Amino acid sequence: MIWLLVLAGAVYAQGSAPIEEKEVLVNGTTDSTVFGIGNSVRIRGTVKQGAMSFGGDVIVEGVVEGDVAAIGGDVIQRAGSRIGGDVIVLGGTYRTEDTPPNRKPEAMTIMYAGYQQELREMMRNPSGIFAPRWTPSYFGTRFLVVLFWFIVSLALTAAMPGTISRGVARLQLNTLRVATIGVTGVVVLFLGVLLTLWIMPEPIRVLVGLMALLLWIVASLFGRVILYAATGRWLQRKYVPVGKSSEAVALLLGTSFWVLLTSLPYVWPFMAGFILILSFGLALTARYRVGWKSV
């Protein structure tokens with residue numbers, strides 16, 4: 001199976017062609033904002049509002065009276081051109097040929113230059129998020145993910161063996177009840193945080209946001225380890241007779257299984273959501289020790 005996946009990834013990588021560069025050319029005067037979705041924007045005339053490109057560059061050779069922004073591209077200001085507003089660049093750089101640049105003194109420049117190629121490809125092909133390319137770097141990243149969660153699972157299992165064992169028992173006895181509680185917890189947490197951020201004063205908003213973030217981190221760690229352990233034990237009983245009494249083998253099997261599921265194209269968002277729901281359900285029922293019956 002592994003060799004088939006590697007072969008399919010190699011064929012897919014060889015068959016993918018580079019994206020052709022296209023431009024949106026603006027001449028004359030434009031009263032509205034200029035957008036380039038998957039294309040670069042070249043402005044030779046006058047834009048009275050702003051210009052923005054998703055997955056391309058914004059090249060200003062004329063005048064832009066408003067803001068200029070690029071996600072996954074660069075903002076290039078040619079000599080003699082003028083930008084009246086702010087410059088915002090995510091996944092790229094801002095370059096100007098005039099020193100100092102022809103801009104308002106109070107205008108701001110916000111720039112983050114990392115992950116330019118990734119953001120450019122994401123903006124040009126949003127469906128690529130759901131169907132990642134099977135390249136050697138992608139397989140290497142998946143291997144590191146397996147190693148990371150395996151180490152985390154070993155550490156938590158060694159630190160809290162009783163808690164992990166009870167969580168595995170709850171998950172095996174009634175998965176549907178755990179999932180129902182997890183869905184309710186996710187919905188209530190999401191809506192509660194949004195409502196709090198909308199109507200509460202700033203100190204309470206900060207406190208609630210930090211508590212929600214802490215709950216999400218703890219639930220993710222705790223629930224994932226229990227899910228990996230339960231899945232690994234099931235695989236040991238059914239299909240892998242080697243190391244039946246080894247907790248480390250079970251954790252490695254469970255971690256590899258779920259990382260594989262969360263790496264499949266178009267399937268991984270559902271698997272990630274399923275893991276999140278079960279994680280919240282297990283975290284919210286961690287103190288219950290009785291009343292769980294198999295249905």
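Name the residues in region 70-91 that are closer than 16 Å to SER32 by Cα and buried (at least 20 other Cβ atoms within 10 Å of the Cβ), would you?
If the condition is that a residue be closer than 16 Å to SER32 by Cα and buried (at least 20 other Cβ atoms within 10 Å of the Cβ), then ILE83 is the only one that fits.
State which residue is farthest from ASP57 (Cα to Cα) when the search covers only region 127-143 and only residues that are part of a helix (DSSP H, G or I) and at pLDDT 70 or above.
PHE143
Could you name every one of the strands (runs of 3 or more DSSP E) located completely within region 35-123 that has at least 1 residues being in contact with a Gly (Cβ under 9 Å, 6 or more places away or on another chain), within 15 Å of LEU25 (Cβ to Cβ) and at pLDDT 90 or above?
In region 35-123, 40-43, 51-54, 58-60 are the strands (runs of 3 or more DSSP E) which contain 1 or more residues that are in contact with a Gly (Cβ under 9 Å, 6 or more places away or on another chain), within 15 Å of LEU25 (Cβ to Cβ) and at pLDDT 90 or above.
Return yes when SER165 is surrounded by fewer than 17 Cβ atoms within 10 Å (Cβ to Cβ) and in a helix (DSSP H, G or I) and no when it is not.
Judged against the criteria, SER165 is a match.
Mind listing just one residue for me: the one in region 255-285 that is buried (at least 16 other Cβ atoms within 10 Å of the Cβ) and of a type in the set (Val, Ile, Thr) and, of those, modelled with the highest pLDDT?
THR255
Working only within region 131-163, note down all residues that are of a type in the set (A, V, I, L, M) and closer than 15 Å to LEU260 by Cβ.
LEU144, VAL145, VAL146, LEU147
Could you grab the pairs with beta carbons closer than 6 Å, sequence gap of 6+ or different chains, first residue in region 198-222 and within 17 Å of VAL152 (Cβ to Cβ), second one among the hydrophobic types (A, V, I, L, M, F, W, C)?
ALA219/PHE280; ALA219/ALA283; PHE222/ALA283
Which residue, of GLY50, GLY72, GLY84, is in the same structural domain as THR30 (by TED's automatic domain parsing) and within 22 Å of the chain's Cα centre (by Cα)?
From the options GLY50, GLY72, GLY84, the qualifying one is GLY72.
Only one of (1) more than 30 Å from GLY62 (Cα to Cα); (2) more than 27 Å from the chain's Cα centre (by Cα) fails for MET108. Which number is that?
The number of the failed condition is (1).
Determine which member of the set ALA179, ALA155 is small (Gly, Ala, Ser), in the same structural domain as LEU251 (by TED's automatic domain parsing) and within 22 Å of THR285 (Cβ to Cβ).
ALA179
Please go through (1) outside the structural domain of ARG233 (by TED's automatic domain parsing); (2) within 27 Å of the chain's Cα centre (by Cα); (3) over 23 Å from MET52 (Cα atoms); (4) of a type in the set (Ser, Thr, Tyr) for THR99 and return the number of the only condition it doesn't satisfy.
Of everything listed in (1) outside the structural domain of ARG233 (by TED's automatic domain parsing); (2) within 27 Å of the chain's Cα centre (by Cα); (3) over 23 Å from MET52 (Cα atoms); (4) of a type in the set (Ser, Thr, Tyr), THR99 misses just condition (2).
Please list, ordered by first then second residue, the pairs with beta carbon atoms under 6 Å, 6 or more apart or interchain, first in region 260-289 and in the same structural domain as ALA230 (by TED's automatic domain parsing), second hydroxyl-bearing (Ser, Thr, Tyr).
TRP268/THR262; MET271/THR262; ALA272/THR262; SER279/SER220
Pick from region 213-254 the residues that are among the polar types (S, T, N, Q) and more than 17 Å from LEU282 (Cα to Cα): which of them is surrounded by the fewest Cβ atoms within 10 Å (Cβ to Cβ)?
Top of the filtered list is SER245.
The values are calculated or read from the model by the stated rules, or taken from the named source; none is laboratory data. Since the structure is predicted, the reported quantities are computational estimates derived from the model, not experimental observations. Ideal geometry is used to build each Cβ from the backbone, glycine not excepted, and the neighbour counts take in all protein chains shown.
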